[in-house]
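Remarks on the structure that follows.
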Amino acid sequence: MLSIDLFITLAVGYTAAVLFFFARKLERRSRSVFFVVMSVVVLSSPLLLQTDGEIVRCLVVLALLIFLLHMWDLHLDSDRGTRLRLRDYMVFLPDYAWSVARVPDDYGINLPLGRRAGDAARYVAGLCLVSAVTVGVFQIDWAAYPFLLEHAAKSTCLAAWIIWAFHANMALWRLAGAPAARFTAGNVLWAHSPADFWRRWNRPMYRWLLENVYKPAGGRRNPYFATLAAFAVSGLLHEYLLDVSLQYVTGYVTAFFLLHGCATVLTRRFKPSGRQVVPAVVLTFAFNTLSTVLLFVPISERIPFYVNDVPQWLHPW
C-alpha cells in the first residue's frame with residue numbers, strides 16, 4: 001500500500017513547479033532567483049519520503065526531475081514570450097514525452113483518434129510482451145554463465161523494456177489529447193556509432209538538451225564544448241536520480257555519461273558505408289553494452305540485479 005508521504009512529496013514538488021509559472025513575466029534576474037528557490041523545493045522534497053523501496057523512490061524522483069526540466073524550459077521560454085497558458089503548463093509539467101514547449105511541433109496530437117487508440121493498444125500490448133520476456137530472462141540461473149553474458153542479456157532486455165514503456169507512455173498521452181514525442185528515432189540497435197546512438201535514443205531528453213543546454217552552450221559554433229556540456233548535465237541529472245533513489249552517492253553514472261560524451265564528440269562525423277556498416281554497428285553495440293556496466297554496478301549494491309559476483313576490476317573506486 002502506498003503511503004501518504006509519497007503523495008505529499010509529489011504534491012510539494014508539483015505545487016512548487018506550478019508556482020513558478022506565475023514568475024514567467026518577471027525580469028530575468030528576479031525570475032532566475034525564483035527559479036532557484038522553487039528548484040531547491042522540488043529537489044529537496046524527496047526528504048519527505050519515508051519508504052525504503054528503491055523502485056518507488058526512483059519513480060517519485062523521476063517525476064520530480066521532469067517537473068524541474070519543464071520549469072527550466074519555461075524559464076527560457078519566458079524570454080521569448082511563452083505561449084503556454086496555466087492549464088497547458090499544468091499538463092506539460094508531468095508529461096515527459098512533451099519535453100520542450102516553445103518549439104513548434106504537434107507531437108502527434110493531430111493524428112486521428114482511431115490511429116491514436118490503435119497505437120496505444122499496440123504499445124501497451126507490446127510492453128506486456130516485452131515485460132514477460134524480461135522477467136523470463138531475469139529468472140534464468142545465470143550462475144552457470146559468465147558475468148558479461150549475464151550483463152549483456154539483462155541490460156539489453158531492460159533497454160527494450162524502457163523503450164516500450166516510454167512508447168506506451170507516449171501513446172497514452174496522445175490518446176488523452178496531450179502532446180508527446182516518440183522515445184526513439186529509428187532502430188537503436190542499428191546505430192553505427194555512439195553519436196548515432198544518442199541521436200536515436202531518448203528523443204524527448206535529446207530535444208530538451210538540444211534546446212536548453214547544447215544551443216545556449218554554443219551549439220554549432222562550438223559543438224565539442226556544447227556536446228560535452230549536454231552530457232555533463234545529463235550525467236548530473238541521472239546521478240541525482242540514482243543517488244537519491246538508492247540513498248548513496250555512486251559517481252558511476254556521471255562517469256558513464258562523460259565517457260559517452262567523449263565518444264560522441266569523437267564519432268560525431270563518422271558515417272560508415274558499404275562493408276563498414278555491420279562492423280560499426282557491432283562495435284557500437286559492444287561499446288554500449290560494456291559501458292552500461294557503470295550504470296548497473298551501483299544498482300547491484302542495493303538491488304539484486306546480478307546473480308554472478310561483480311568482478312573486482314569493475315570497482316575502480
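The values are calculated or read from the model by the stated rules, or taken from the named source; none is laboratory data. As the structure is a computational prediction, the values presented were derived from the model and not from experiment. Ideal geometry is used to build each Cβ from the backbone, glycine not excepted, and the neighbour counts take in all protein chains shown.
Key figures for this structure:
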{"quantity": "Single unsatisfied condition, Leu19 versus (1) crowded, with 16+ Cβ neighbours inside 10 Å; (2) assigned to a helix (DSSP H, G or I); (3) touching a Phe, Trp or Tyr at 6+ places or on another chain (Cβ under 9 Å)", "calculated": "(1)"}
{"quantity": "Residue in region 255-271 that is nearest to the chain's Cα centre (by Cα), counting only those that are more than 20 Å from Val297 (Cβ to Cβ) and surrounded by fewer than 16 Cβ atoms within 10 Å (Cβ to Cβ)", "calculated": "Leu266"}
{"quantity": "Number of the exception - Trp98 against (1) crowded, with 21+ Cβ neighbours inside 10 Å; (2) part of a loop (DSSP other than H, G, I, E, B); (3) touching a Ser or Thr at 6+ places or on another chain (Cβ under 7 Å)", "calculated": "(3)"}
{"quantity": "Extreme residue, surrounded by the most Cβ atoms within 10 Å (Cβ to Cβ), among residues of region 272-302 that are outside any helix (DSSP H, G or I) and out of contact with any helix residue (DSSP H, G or I) (no Cβ under 6 Å at 6 or more places or on another chain)", "calculated": "Glu301"}
{"quantity": "Test: residue in region 235-252 that is hydroxyl-bearing (Ser, Thr, Tyr) and farther than 19 Å from Ile162 by Cβ", "calculated": "yes"}
{"quantity": "Flag if Tyr96 is out of contact with any Asp or Glu (no Cβ under 7 Å at 6 or more places or on another chain), more than 28 Å from Leu65 (Cβ to Cβ) and aromatic (Phe, Trp, Tyr)", "calculated": "no"}
{"quantity": "Close pairs (8 angstrom Cβ cut-off, 6 or more residues apart or separate chains): assigned by TED's automatic domain parsing to the domain that holds Glu239 and over 23 Å from Leu258 (Cβ atoms) in region 291-308, assigned to a helix (DSSP H, G or I) and basic (Lys, Arg) anywhere", "calculated": "Tyr306/Lys154"}
{"quantity": "Considering residues of region 1-16 that are surrounded by fewer than 17 Cβ atoms within 10 Å (Cβ to Cβ) and not small (Gly, Ala, Ser) only, the residue modelled with the lowest pLDDT", "calculated": "Met1"}
{"quantity": "Looking only at region 155-190, and only at residues there that are among the hydrophobic types (A, V, I, L, M, F, W, C), touching a residue at least 12 places away in the same chain (Cβ under 8 Å) and not in a helix (DSSP H, G or I), the one that is nearest to Ala280 (Cα to Cα)", "calculated": "Ala185"}
{"quantity": "Complete set of residues in region 121-150 that are out of contact with any Cys (no Cβ under 9 Å at 6 or more places or on another chain), hydrophobic (A, V, I, L, M, F, W, C) and under 22 Å from Ala286 (Cβ atoms)", "calculated": "Ile140, Trp142, Phe147, Leu148, Leu149"}
{"quantity": "Hey, Leu209 modelled with pLDDT under 95, in a helix (DSSP H, G or I) and aliphatic (A, V, I, L, M) or not", "calculated": "no"}
{"quantity": "Looking only at region 134-154, and only at residues there that are of a type in the set (A, V, I, L, M) and in a helix (DSSP H, G or I), the one that is farthest from Thr292 (Cα to Cα)", "calculated": "Ala144"}
{"quantity": "Gly136 vs. criteria surrounded by 13 or more Cβ atoms within 10 Å (Cβ to Cβ) and not aliphatic (A, V, I, L, M)", "calculated": "no"}
{"quantity": "Selection count where residues are among the charged types (D, E, K, R) and surrounded by 20 or more Cβ atoms within 10 Å (Cβ to Cβ), scope region 190-202", "calculated": "1"}
{"quantity": "Positions within region 42-59 being surrounded by fewer than 18 Cβ atoms within 10 Å (Cβ to Cβ) and in a helix (DSSP H, G or I), in sequence order", "calculated": "Ser44, Leu47, Leu48, Glu54, Ile55, Val56, Cys58, Leu59"}
{"quantity": "Counted residues, region 241-275 - those being among the aromatic types (Phe, Trp, Tyr) and either outside the structural domain of Pro298 (by TED's automatic domain parsing) or at pLDDT 95 or above (or both)", "calculated": "2"}
{"quantity": "Filter result for Phe225 (modelled with pLDDT of 95 or more and among the aromatic types (Phe, Trp, Tyr))", "calculated": "yes"}
